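Trainee: Structure incoming, see below.
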Amino acid sequence: MTVSLAKRFFPSPNRNFSLAEGSTEPNGDTVVVSYGNNPWVTVHNFASTSVLFSAVIGPNNASFHGINNYRTFQTSTLQFAGRPKQLPAVALSGGDVYVSWNGATHVASYTLLTGHAANSVRTRVTSVPKAGFETKIHGSGIEAFF
């Protein structure tokens, strides 16, 4: 039996090797590579092997007991939908409302409603697009309940 090298995908910006673990996952015209005991993830163009994406997860030195990266997968919100069972986290600070819904992948915007009692929160104050992990909504004009 004979083995031959078909493609070689080097980590970037780190040009080192891993002593253990790691994975490669073909994904269309790209390849996702994790580097085992080094906390690196790269995505390469399969044909040219050029790096399209590179990330370091945690300390960038295995001797500092960084995160081992046994296996990495690439997906998108077209293939995966996060539907958390818990309600969004909401906080009020200085008249502004902060909203975060950890794991919800299909939230496009948040709408702030207000009212004078807990059972009458129906008046729309504003609607804002989701902005990252935590979205700030200016709370001017809100009543006692929102």
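The values are calculated or read from the model by the stated rules, or taken from the named source; none is laboratory data. This is a predicted model, so every value here is computed, not measured. Heads up, the Cβs are rebuilt from the backbone with ideal geometry, glycines too, and the neighbour counts pull from every protein chain shown. Accessible surface areas use protein heavy atoms only, side chains included; no ligands, DNA or RNA. Shrake-Rupley method; radii C 1.70, N 1.55, O 1.52, S 1.80 Å.
Trainee: Take F73 and tell me if it is modelled with pLDDT under 80, surrounded by fewer than 18 Cβ atoms within 10 Å (Cβ to Cβ) and under 19 Å from the mean Cα position of the chain (by Cα).
Mentor: yes
Trainee: Search region 26-54 for residues that are over 13 Å from P13 (Cα atoms) and in contact (Cβ under 8 Å) with a residue 40 or more places away in the chain and pair each with any residue that is open to solvent by less than 50 Å² (accessible area, probe 1.4 Å) and part of a strand (DSSP E or B) when their beta-carbon atoms are under 6 Å apart and the residues are at least 6 apart or on different chains.
Mentor: Listed by first residue and then by second, the contacts come to T30/V43; V32/E25; V32/V43.
Here's the yes/no breakdown for (1) outside any strand (DSSP E or B); (2) open to solvent by less than 20 Å² (accessible area, probe 1.4 Å); (3) out of contact with any Phe, Trp or Tyr (no Cβ under 8 Å at 6 or more places or on another chain); (4) at pLDDT below 80:
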| position | (1), (2), (3), (4) |
| --- | --- |
| N16 | yes, no, yes, yes |
| A20 | yes, no, yes, no |
| E25 | no, no, no, no |
| V32 | no, yes, no, no |
| T42 | no, yes, no, no |
| A47 | yes, no, yes, no |
| S54 | no, no, no, no |
| I67 | yes, no, yes, yes |
